[in-house]
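A.B. asks: Sharing a structure, written as structure tokens. Questions coming.
Just so it is clear, none of the values below were taken in a lab; they were calculated from the coordinates. Just so it is clear, the model here is predicted, and its values are computed rather than measured. Virtual Cβ from ideal backbone geometry, glycine too; neighbours counted across all protein chains shown.
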Amino acid sequence: MQVNTLPALRPTGSNERASGTALAIGRPAAGATAPAAPVPGAASAHPLRGPAGDAAKSAAAFSPWDGERHGQVAAAQLSKAYLGQLSANLHTLKSGYSENLADPATADRREGELASARQGLKTLWRQRAASTSAAIDPQLQYQGHGAARQTFRIRGIDAAALSQGAREVLSIGLPSNLAGPLTVTIDPEQGVNSNVRRLDHALATAEVRVHIDEQGEPLFSASEATWDKVQDRITIKGEGHRFADGIAQRVRTHTEAPALPSALYDQAPVEPKDIRGALQRVIHALDRVGFTQAKVAGALARASAEASAASLEISGASVERAAQAFLARTQSMGFDTYADVAPALAGVNRARVMALLG
């Protein structure tokens, strides 16, 4: 039986759930448990975020029943729509502020439109995680379905601390690690890169990652979905060099400033100097949005190419296995099963089934 896969999948209503069956492919539920994100800066095996490569090679592993892949495509499409709305509001502010500088006497005529754009930005920013299926992080970077992470720094762990002083064993306590404190040895003689790798390896089991940023400083990250449980609850016990020995002490964490600062939507500039400052913030935000839009567009293009190249001849045995898996799923009709299956079967009558099989 010849099955042609669609080049792109359109997310359905907000109440539908992403499912692993071919019949229930929809928009991932907001607030769903986020999968562990890859190490920032490392090569990713993510189907929508890996290198472009040859679509035909990727198609070899393409499956029309791959719910995870469809969820990734849906998240990318949601992100595209979200970024479009952000861009529209920012362009309204850019145009309005520019006109206010050019013709201050008519500024009052534009204030209503500018206030509406600022409120729109504020609302959109608050809904970022839900509106993109947690695919876009606070730095306005596209990470993939459920992979948005909060970046932060820990006071006392910087490039200087990792490259100077005596060797020290740190015991790091994290609320997400039920097995107890994690141990890592800081050896300045090994250099910053080596010590950052040690930290990353030790903390990865608690879903906290570490990498070196553009300034050469260690930057930590945790899943945005669990950040509230992590911030200000990290404890470290040292040997008296960088951190005190004895009882583990809570350390201060500092999050990176978000890509859209609150001044962008909370302040209504009036004076020319303030308007110019606001205009610069808007232009910078538009640059960030444009960069992320290009990344999302690339992800969707790769997914479309893979799907187009994967017009597969699916054997009767494969269809039979899929049918048996579906039947097995429905044997225990608990709430979770019903929630998965009901949307897939809604509106499927005998005539439609016969038409599909015909």
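A.B. asks: Charges only on Cβ, +1 for Lys and Arg, -1 for Asp and Glu: so what's the dipole of the range 156-251 about the Cα centre, in debye to the nearest 20? Write down the numbers at each step before the final one.
C.D. replies: On the way: 9 positive and 14 negative charges, 63 e Å.
Dipole of the range 156-251, to the nearest 20 debye: 300 debye.
A.B. asks: Taking neighbour Cβ counts within 10 Å as the exposure measure, how do Val169, Val192 sort from fewest upward?
C.D. replies: Working: Val169 14, Val192 18.
By the 10 Å Cβ count, ascending: Val169, Val192.
A.B. asks: Taking square-rooted eigenvalues a ≥ b ≥ c of the alpha carbon gyration tensor, is the range 156-251 rounded, prolate or oblate, where a/c under 1.5 means rounded and, failing that, a/b exceeding b/c means prolate?
C.D. replies: On the way: a/c = 1.84, a/b = 1.21, b/c = 1.53.
Oblate, since a/c reaches 1.5 and b/c is not below a/b.
A.B. asks: May I ask you to compute the full-extension gain from Arg252 to Ala130, defined as 0.36 nm times their residue separation minus their alpha-carbon distance, rounded to one decimal in nm? Don't skip to the answer; put the middle values down first.
C.D. replies: Details: separation 122, 0.36 × 122 = 43.92 nm, distance 2.80 nm.
Gain on extension, Arg252 to Ala130, equals 41.1 nm.
A.B. asks: Apply 1/(1 + (r/R0)^6) to the Cβ-Cβ distance of Leu327 and Ala268, taking R0 = 45 Å, and write down the FRET efficiency to the nearest 0.05.
C.D. replies: Numbers: r = 60 Å, r/R0 = 1.34.
Efficiency computed from Cβ-Cβ geometry: 0.15.
A.B. asks: Straight-line reach from Lys295: which lysines fall under 25 Å, measuring Cα to Cα and dropping same-chain residues less than 8 apart?
C.D. replies: Straight-distance partners of Lys295: Lys57, Lys80, Lys94, Lys122.
A.B. asks: As a footprinting exposure proxy, order Arg155, Arg233, Arg209 by other Cβ within 10 Å, with the fewest listed first. The partial results should precede the final answer.
C.D. replies: On the way: Arg155 11, Arg233 14, Arg209 24.
Final ranking by Cβ density, sparse to dense: Arg155, Arg233, Arg209.
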